[in-house]
Amino acid sequence: MASPCADRRRVRPRDAASLLLYRESRTRGVELLMGRRHRDLRFMPGMLVFPGGRVDRADYRAPVAAALRGDTVAQLGFSARPSLAKALGVCAARELEEETGLRLGGKAPDLSGLAYLTRAITPATFPIRFHARFLLAPAEMAQGEMRGSGELEELRFFTPDEFANAPHARITAMIVEEFLRWRRDPARPLIRITGKDSRHPERLRQRP
């Protein structure tokens, strides 16, 4: 009989996308839209996170007002075929609207302003696993009135210092750190985060 640990190692990570919506303020500097996950949720309860979630089948078929840029598709291509890259963009826009009330574009999402930041894979021993891609968009791309959802509470723009003083997971802190690196140098070498929150250079080839 397989051990419980062996069963956990066989859990496949689910494709997921998160969106870092950012803005600049003269008085507060850079800010990121985040919310606190409800304490009754199984995954990361009570932690400050970015809007996001797993890819749905409908995300592959959903119409878009404008497609992802070529450079964003190419960078997602380190771990996703073009069809999944499009679904990840749709997923990020859909989760933003579901969790915050904000939309990228109109009825169909405008993905043309999304940039790629990095990706992270939950450790193999975890019972709930995600292969999350983190995308970026300036706050001026979003339309609508911001409202919370039953999943995210205390929804607002946080400065990096405010985030650091709130409950959060180490992986989220690493994503914030990577965002700050991106602000300093958008052309920096890409990395992926795997295992026990370890940074690795991204492989310079696409998945077969």
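The values are calculated or read from the model by the stated rules, or taken from the named source; none is laboratory data. Keep in mind the model is a prediction, meaning the values are calculated, not measured. Please note: Cβ atoms are built from the backbone with ideal geometry, for glycine as well, and neighbour counts cover all protein chains shown. Ligands, DNA and RNA are excluded from the accessible area calculation, which covers all protein heavy atoms including side chains. Shrake-Rupley method; radii C 1.70, N 1.55, O 1.52, S 1.80 Å.
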When every residue in region 112-135 that is out of contact with any Pro (no Cβ under 8 Å at 6 or more places or on another chain) and of a type in the set (Ser, Thr, Tyr) is compared, the one nearest to ILE191 (Cα to Cα) is THR118
So, first residue under 17 Å from ALA120 (Cα atoms) in region 72-89, second residue open to solvent by 50 Å² or more (accessible area, probe 1.4 Å) and polar (S, T, N, Q), Cβ within less than 6 Å, six or more apart or across chains; the pairs are GLY77/GLN206
Scanning region 90-135 residue by residue, the ones that are hydroxyl-bearing (Ser, Thr, Tyr) and under 11 Å from the mean Cα position of the chain (by Cα) total 2
- Message: Quick check on region 125-135. Is at least one of its residues open to solvent by 20 Å² or more (accessible area, probe 1.4 Å), in contact (Cβ under 8 Å) with a residue 60 or more places away in the chain and farther than 27 Å from ASP59 by Cα?
- Response: yes
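Test PRO201 against the criterion of being loosely packed, with under 15 Cβ neighbours inside 10 Å, over 24 Å from GLY46 (Cα atoms) and under 17 Å from the mean Cα position of the chain (by Cα), and give yes or no. So that I can check it myself, show each step before the final result.
On the way: loosely packed, with under 15 Cβ neighbours inside 10 Å: yes; over 24 Å from GLY46 (Cα atoms): yes; under 17 Å from the mean Cα position of the chain (by Cα): no.
No.
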Being surrounded by 17 or more Cβ atoms within 10 Å (Cβ to Cβ), among the aliphatic types (A, V, I, L, M) and closer than 21 Å to ARG203 by Cβ narrows LEU152, LEU84 down to just LEU84
Going through region 140-159 in order, the residues found to be at pLDDT below 90 and in contact with a strand residue (DSSP E or B) (Cβ under 9 Å, 6 or more places away or on another chain) are ARG147, GLY148, SER149, GLU151, LEU152, GLU153, GLU154
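Give region 62-102 a look and list any residue that's under 20 Å from ARG37 (Cα atoms) and either in contact with a helix residue (DSSP H, G or I) (Cβ under 8 Å, 6 or more places away or on another chain) or in a loop (DSSP other than H, G, I, E, B) (or both), or say none.
CYS91, ARG94, GLY101, LEU102, listed by residue number.
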Just one listed residue, out of THR122, THR100, THR159, is under 22 Å from PRO201 (Cα atoms) and in contact (Cβ under 8 Å) with a residue 60 or more places away in the chain, and it is THR122
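Of the residues LEU68, LEU41, LEU48, only one is modelled with pLDDT under 95, open to solvent by 10 Å² or more (accessible area, probe 1.4 Å) and of a type in the set (A, V, I, L, M); which? Break it down stepwise before answering.
Numbers: LEU68 fails: modelled with pLDDT under 95; LEU48 fails: open to solvent by 10 Å² or more (accessible area, probe 1.4 Å).
None of the others qualify; the one that does is LEU41.
In this structure, is ARG181 touching a Lys or Arg at 6+ places or on another chain (Cβ under 7 Å), on the phi < 0 side of the Ramachandran plot and without any contact (Cβ under 8 Å) to a residue 40 or more places away in the chain?
yes
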Quick count over region 51-62, residues being touching an Asp or Glu at 6+ places or on another chain (Cβ under 7 Å) and open to solvent by less than 10 Å² (accessible area, probe 1.4 Å), is 1
